[in-house]
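Following: one structure in structure tokens, then a few remarks.
The values are calculated or read from the model by the stated rules, or taken from the named source; none is laboratory data. What you see is a predicted model; the values in this text were computed from it and never measured. No Cβ is skipped: glycine too gets one built from the backbone with ideal geometry, and neighbour counts run over all protein chains shown. The accessibility values were calculated without ligands, DNA or RNA, using every heavy atom of the protein model including side chains. Shrake-Rupley method; radii C 1.70, N 1.55, O 1.52, S 1.80 Å.
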Amino acid sequence: MSLFPPSACPRLIVKIGSALLVDPDGGVRRAWLQGMAANIAARHAAGQQIAVVSSGAIALGARRLGLAKGGRASLEDAQAAAAVGQIALSQVWAEMLGAEGLTAAQMLVTLDDLEDRRRYLNAAATLDRLLGLGVVPVLNENDSVATEEIRFGDNDRLAARVAQAAGAQGVVLLSDIDGLYDRNPALPGAVHVPRVERIDGAVEAMADRGSASGMGSGGMVSKIAAARIANAAGAHLAIASGRIERPLSAVARHTVFVAEKSAPARKAWLAGGITAKGAIHVDAGAAAALARGNSLLAAGATRIDGAFVRGDLVTVNGPDGAIIARGLAEYDAAEAARIMGKRSDVLAEVLGYAPRGALVHRNHMAVL
């Protein structure tokens, strides 16, 4: 059974892991990539628009530069390997897609490009135009300039954020595993999970941090994080093995994380935010009020973490510490700490000026 047929998913994001594109010696797996390009062309002919998030630049560059540990011995090595490898990666994609009559485009992004609202909208407009022109965008994190503070660190979450920006209905993460298991799949008795309706604590507990190839940077933890981002934007996400020919049309076993409904664009962007300047912890009553669609009032706050200012993205954490919402702070951290736990009718006296109505307003918040 095919994943996300064109009729159900007009726009699809496909993430391809390093181990699928690059062999253990650092060379391109050309035969597999030719099949993948043919697979994309067939989907394109059927009316589906596809963008590719492609790993492999660091692995390819490390081979050409003779760097140890696949180019990941240091940040400087990774950046140098990425700078060399990205050229090779874009060339091979242009060649393979061109042989199928398709035009490839390259987009390199950093975390800030998709976390900053204005830059996010610019990236979204570029993606939309390219896809509308019948082009296949090939995206990757700009590892040659990204540092630990401004990088995704894995292409799973990048693919989910790209899906959000592109307005895609589906994401497929192709890697060296065929989906989620209830424990590390190397352990005896591990059971495959074909469908996830809701990501909760039990699902997150199943995640295994390992990457079977040792070549990539994203294990199951990053894939579940990606599913959260994609689902919040109304896109289904599948984890599937790419260790078969033409995996988009010959999928055997996989895991699908089902999106409940599409969120408004701004709230989807908030829900998918990866960086946050701080956290507001709330009591059970406030958590219940947020679930009903209310704003977060000062009375429900129990603790303030971080050094945020008004307008910064913050998380809202429930009584158990779990993140239940993301939103834009109406107060800076110091003011929020002064008024937390206090009723609205005493805020003016505490602050010395007319207060704003909420710590985080419902119009600027996405409940997860």
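Under the condition of being among the acidic types (Asp, Glu) and open to solvent by less than 60 Å² (accessible area, probe 1.4 Å), which residue from segment 113-124 is nearest to the chain's Cα centre (by Cα)? Quick ask: steps written out before the conclusion?
Residues of segment 113-124 among the acidic types (Asp, Glu): 113, 115-116.
Cutting the leftovers down to open to solvent by less than 60 Å² (accessible area, probe 1.4 Å) gives us 113, 115.
Numbers: ASP113: 13, GLU115: 11 Å.
Top of the filtered list is GLU115.
Taking first residues from segment 1-13 that are aliphatic (A, V, I, L, M) and partners that are at pLDDT 75 or above and open to solvent by 50 Å² or more (accessible area, probe 1.4 Å), the Cβ contacts under 8 Å between residues at least 6 apart in sequence or on separate chains come to ALA8/GLN169; LEU12/GLN49; LEU12/GLN169.
Within segment 291-306, the set of residues being under 24 Å from ALA230 (Cα atoms) and outside any loop (DSSP other than H, G, I, E, B) comprises just one member, ALA291. The condition (being among the β-branched types (Val, Ile, Thr) and part of a loop (DSSP other than H, G, I, E, B)) is satisfied by just one residue among VAL309, VAL256: VAL309. Scanning segment 230-249 for residues that are touching a residue at least 12 places away in the same chain (Cβ under 8 Å) and open to solvent by 10 Å² or more (accessible area, probe 1.4 Å) turns up ASN231, ALA232, ALA233, GLY234, HIS236, SER241, ARG243, GLU245, ARG246, SER249.
Considering only residues that are of a type in the set (Gly, Ala, Ser), open to solvent by 50 Å² or more (accessible area, probe 1.4 Å) and more than 20 Å from ALA287 (Cβ to Cβ), which ones fall in segment 303-347? Once the filter is applied, which keeps residues that are of a type in the set (Gly, Ala, Ser), open to solvent by 50 Å² or more (accessible area, probe 1.4 Å) and more than 20 Å from ALA287 (Cβ to Cβ), segment 303-347 yields ALA307, ALA334. Test ALA288 against the stated conditions and say whether it is surrounded by fewer than 19 Cβ atoms within 10 Å (Cβ to Cβ), in contact (Cβ under 8 Å) with a residue 24 or more places away in the chain and part of a helix (DSSP H, G or I). The answer is no for ALA288. For segment 268-285, the set of residues classified as open to solvent by less than 30 Å² (accessible area, probe 1.4 Å) and over 22 Å from GLY234 (Cβ atoms) consists of GLY278, ALA279, ILE280, HIS281, VAL282, listed by residue number. For segment 331-363, residues that are aliphatic (A, V, I, L, M) and within 15 Å of SER295 (Cα to Cα) total 5. Considering only residues in segment 76-111 that are of a type outside the set (Gly, Ala, Ser) and open to solvent by 60 Å² or more (accessible area, probe 1.4 Å), the one that is nearest to the chain's Cα centre (by Cα) turns out to be LEU108.
A quick yes/no check of all residues on (1) touching a Cys at 6+ places or on another chain (Cβ under 8 Å); (2) more than 20 Å from THR110 (Cβ to Cβ); (3) outside any helix (DSSP H, G or I):
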{"site": "SER7", "(1), (2), (3)": "no, yes, yes"}
{"site": "VAL14", "(1), (2), (3)": "no, yes, yes"}
{"site": "ALA19", "(1), (2), (3)": "no, yes, no"}
{"site": "ALA59", "(1), (2), (3)": "no, no, no"}
{"site": "ARG64", "(1), (2), (3)": "no, yes, no"}
{"site": "GLY70", "(1), (2), (3)": "no, yes, no"}
{"site": "VAL84", "(1), (2), (3)": "no, no, no"}
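Residues that are part of a helix (DSSP H, G or I), β-branched (Val, Ile, Thr) and free of Cβ contacts under 8 Å to residues at least 40 places away in the same chain: does segment 94-108 have at least one? Within segment 94-108, none of the residues are part of a helix (DSSP H, G or I), β-branched (Val, Ile, Thr) and free of Cβ contacts under 8 Å to residues at least 40 places away in the same chain.
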